[in-house]
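Student: Dropping a structure here in structure tokens format, bear with me for questions.
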Amino acid sequence: MKRLVKRLIRRFGEPYSSHLGIDLESKEESEIFKWFLASFLFGKRIGEGIAAKTYRLFASKNITTPDKILATGWDGLVAVLDEGGYVRYDFSTASRLLELMESLKENYGTLANLHEHAKDSEDLEAKLQEFKGIGPTTVNIFLRELRTVWPNADPEPSSLVKVAAKVLGIDLKDFNRRSKNFVKLECALLRLGKYYCRKNRCDDCEFKVECKKVQE
């Protein structure tokens, strides 16, 4: 099992934040906010590649703080979103972003303050979902990679993660959910579940042998 987990992490385990050049290990507000912005984009019903491209456009244009997003304005945000590929969702996403930034600044000031006001992991998730445009999917994306950063960040692994773990015979209860390895394992299982399990691409999956052994 240890070999399987190591192989899985080596193949699919790079955290999404790291892939985008975001340094969550620094625990700096600026980096956490960048991941919050990226999570908001990834949480929309749009392709993963488009979301990543769009975040990188925000980063390249230095639009990665609440103040800069607000200063960019609706027209400016629509232009960035269009360039990234959010053609069908550009207007609504721009509006949601502006409203989200205003609410964050008005209610908490910073994400760090929001976290400090949370009593526990459930309360943290509830506070995040109070923002318009932030649902369970976005909250899960955002918090799963903050497990080693924020004490109250401990979301339940998503259904795709659980499905991939089950077909490989991996018991998630055997792992410390506060460890960097678990974050990487969660990311790996999510990709496996998304790219292969959900699409029934078993024959194309490099872990099909291990999967079949569990099913036998």
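The values are calculated or read from the model by the stated rules, or taken from the named source; none is laboratory data. Since this is a predicted model, take the numbers as computed values, not measurements. Quick reminder, even Gly has a Cβ in these numbers, built from the backbone with ideal geometry, and neighbours come from all protein chains shown.
Student: Residue check, residue 22 against (1) among the β-branched types (Val, Ile, Thr); (2) touching a Lys or Arg at 6+ places or on another chain (Cβ under 6 Å); (3) in contact (Cβ under 8 Å) with a residue 24 or more places away in the chain, all met but one. Which one?
Tutor: (3)
Student: Report yes if some residue within the stretch 188-195 is free of Cβ contacts under 8 Å to residues at least 24 places away in the same chain and on the phi < 0 side of the Ramachandran plot; otherwise report no.
Tutor: Taking every residue of the stretch 188-195 in turn, at least one turns out to be free of Cβ contacts under 8 Å to residues at least 24 places away in the same chain and on the phi < 0 side of the Ramachandran plot.
Student: Also: Mind listing whichever residues of the stretch 175-187 are in contact (Cβ under 8 Å) with a residue 40 or more places away in the chain and either among the charged types (D, E, K, R) or over 23 Å from residue 140 (Cβ atoms) (or both)?
Tutor: The answer is 184, 186.
Student: OK, next. Is it the case that some residue within the stretch 23-32 is at pLDDT below 95, under 28 Å from residue 115 (Cα atoms) and in contact with a Ser or Thr (Cβ under 7 Å, 6 or more places away or on another chain)?
Tutor: no
Student: Taking the stretch 79-133 only, how many residues are basic (Lys, Arg) and surrounded by 13 or more Cβ atoms within 10 Å (Cβ to Cβ)?
Tutor: Residues that pass the stated criteria total 3.
Student: Could you check the stretch 140-150 and list, in sequence order, the residues that are in contact (Cβ under 8 Å) with a residue 24 or more places away in the chain and not aromatic (Phe, Trp, Tyr)?
Tutor: The answer is 141, 144, 145, 146, 147, 148, 149.
Student: Determine if the stretch 194-201 includes at least one residue that is at pLDDT below 95 and under 14 Å from the mean Cα position of the chain (by Cα).
Tutor: yes
Student: Just checking, does the stretch 130-137 include any residue being out of contact with any helix residue (DSSP H, G or I) (no Cβ under 8 Å at 6 or more places or on another chain) and among the β-branched types (Val, Ile, Thr)?
Tutor: Yes; the residues of the stretch 130-137 include at least one that is out of contact with any helix residue (DSSP H, G or I) (no Cβ under 8 Å at 6 or more places or on another chain) and among the β-branched types (Val, Ile, Thr).
Student: Only one of 134, 63 is assigned to a loop (DSSP other than H, G, I, E, B) and in contact with a Leu (Cβ under 6 Å, 6 or more places away or on another chain). Can you tell me which?
Tutor: Answer to the selection: 134.
Student: Could you please find all residues in the stretch 116-138 being without any contact (Cβ under 8 Å) to a residue 24 or more places away in the chain and of a type in the set (A, V, I, L, M)?
Tutor: The answer is 126, 128.
Student: Which ones in the stretch 76-135 are of a type in the set (D, E, K, R) and in contact with a His (Cβ under 9 Å, 6 or more places away or on another chain)?
Tutor: Result: 123, 127.
Student: Oh, and also: For residue 10, state whether it is under 20 Å from residue 192 (Cβ atoms), modelled with pLDDT of 95 or more, assigned to a helix (DSSP H, G or I) and out of contact with any helix residue (DSSP H, G or I) (no Cβ under 6 Å at 6 or more places or on another chain).
Tutor: Here the answer is yes, as residue 10 does meet what is asked.
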